[in-house]
Every structure is written in structure tokens, then in C-alpha cells.
Amino acid sequence: MKVAPSVLSADFGNLQRDVEEICNAGCDLVHVDVMDGHFIPNLTIGPVVVSSIAKAATKPLDIHLMVENNTFFVELFAPLKPEYISFHIEEEKHPHRLIQKIRSLGIKPAIVLNPHTPPESIEFLLQDLDMVLLMSVNPGFGGQSFIDTVIKKAARLNEMRKKINPNCLIEVDGGVSDKNVVVLKEVGVDIVVAGSYVFNHQDRKAAIESLQI
């Protein structure tokens, strides 16, 4: 299991320190939540701050767009060369076109599904994706409780990707901890995003390692 700590739960007054710490502690990716206050009832960070995160990080960035006007934001963050850019299927009218655009920029495209969105909604896009991110909380705020139905959803998506695109990774974001990471691995999840579980832990290295099962 790969671990992508979400900097949404970091101390923004000491952002460089926190990003360096999780990278030194052995995380696999640095997860960056970009919210515009329209698609999601919260407002987070723009390219200036994410550029500082990229400079501090020794691990690849995993940028999760929770925005309206996805194409605009893709163009805004593409120069930072993240490993992944993910966007919400619920917001995008032309997802295949955006997938192609992200890939043309040398970035791996990913789609995000909110808790209520079924995997079948991306059946005809799955072959073109490098990753699918399943939200296990309602997006917008850190520290929420894990929604158990994502386990069944991940299992269903795992069966779909085996038939359509075995190389597509499955990522889960929200309420992840050592209490549910085992079952997530059992149903085929490859990457977990953990914010408060990692950043609120007294020993962040131990927290990350407890998820890398």
C-alpha cells in the first residue's frame, strides 16, 4: 500500500517543515487538495503555495482538483509537473478530452468519484486513466469519518479495472487509518490518502509505516 499524506492537515505556518518531514518519513506521494469555494464549500491553495510545496517535497505531487472549470486549473498547475492530476467526474462535461489534455502535458490523469457516484459512471473512461480516486468522505474538509460503503465500491471498481485496465491504480481518500487500511488493501486499493491520521500523530513516520502494509 502506498501512502499519500494530505497537506490539507499540515501546519500551514510551518508548511516546508511538515512537507519535508513526511517525505523523510517515507511517504510515497504528497497529496495536494485544491478547492475553489464553488464546487466544494471550502477554499484552499493556489499555484504559488503549491509551488513552495513542490520545492520542499522530495516525493511526487498528487494534485486533487475540487473545482469548477477543470481545464483552467489543469493549465494552472501543470507547470509544477505533478505525478497525477485528478478531477471530479461530477463536474466535468468533457472528461475524455480533459484526460487527453492532462496526458499531453506529461502528467498522469486520474478521475475522482464522490461517495455517491458509482464506478460504472467511468466504465468507458477507465481504459484511458492511470488512477481512480474514491472519496470515502464528502470532500471539502479534513478529519471526517470514513464512509464504509466505499469498501464495496472499491471492490467493484477493482473487478472493473481487472477486465478493462489492470494498470489503473485505485486510491482512497478520507478517514483512512490503521483501523481500515487492511480491508482497503484486501479489496484492491493501491494508495491511501491520509491527512489528520498522519499529521496529528505524534510519530508521523510510524503513522505512515502503519499504512504501508
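Where a number appears in this text, it was derived from the coordinates with a stated rule and is not lab data. Everything numeric here is computed off the predicted structure, so don't read it as measured data. Quick reminder, even Gly has a Cβ in these numbers, built from the backbone with ideal geometry, and neighbours come from all protein chains shown.
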Mind ranking 116-122, 162-168, 203-209, 192-198 by how tightly packed they are, going by the mean number of other C-beta atoms within 10 angstrom, highest first? 192-198, 203-209, 116-122, 162-168
With charges only on Cβ, +1 for K and R and -1 for D and E, what is the dipole size of region 2-211 about its Cα centre, in debye, rounded to 20? 400
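For each of PHE199, PHE124, count neighbouring Cβ atoms within 10 Å of the residue's Cβ, then give the residues from fewest to most.
On the way: PHE199 20, PHE124 11.
With the fewest neighbours first, PHE199, PHE124 line up as PHE124, PHE199.
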Tell me which of VAL3, LEU80, GLN127 sits at the most positive position along the dipole axis of the chain, charges placed on C-beta atoms (Lys, Arg +1; Asp, Glu -1). GLN127
Identify all lysines with a Cα-Cα distance to LYS108 below 25 Å; exclude those on the same chain that are fewer than 8 residues away in sequence. LYS2, LYS55, LYS59, LYS81, LYS93, LYS153, LYS162, LYS163, LYS185
Cα gyration tensor of region 45-157, axes a ≥ b ≥ c as square roots of the eigenvalues: rounded (a/c below 1.5), prolate (a/b > b/c) or oblate? oblate
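Using only the Cα atoms of region 156-208, build the gyration tensor, take square roots of its eigenvalues as a ≥ b ≥ c, and label the shape rounded, prolate or oblate: rounded if a/c is under 1.5, else prolate if a/b is larger than b/c, else oblate. Can you show the working numbers first?
On the way: a/c = 3.21, a/b = 2.70, b/c = 1.19.
Prolate is the answer for region 156-208, as a/c is 1.5 or above and a/b outweighs b/c.
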Kindly identify region 2-211 as rounded, prolate or oblate by the Cα gyration tensor criterion: order the square roots of the eigenvalues as a ≥ b ≥ c, call it rounded if a/c is under 1.5, otherwise compare a/b with b/c, prolate if a/b is larger, else oblate. oblate
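Take the Cβ-Cβ distance between VAL183 and LYS205 as r, set R0 to 30 Å, and report the resulting FRET efficiency rounded to the nearest 0.05. Don't jump to the answer; show the numbers that get you there.
Details: r = 24 Å, r/R0 = 0.78.
It comes to 0.80.
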Kindly provide the helix-only [θ] at 222 nm of the chain, computed as the sum of -39,500 (n - 2.57) over DSSP H runs of four or more divided by all residues, to the nearest 500 deg cm²/dmol? -9500 deg cm²/dmol
Which net charge results when you count Lys and Arg as +1 and Asp and Glu as -1 among the other residues whose beta-carbon is under 13 Å from that of LYS101? 0
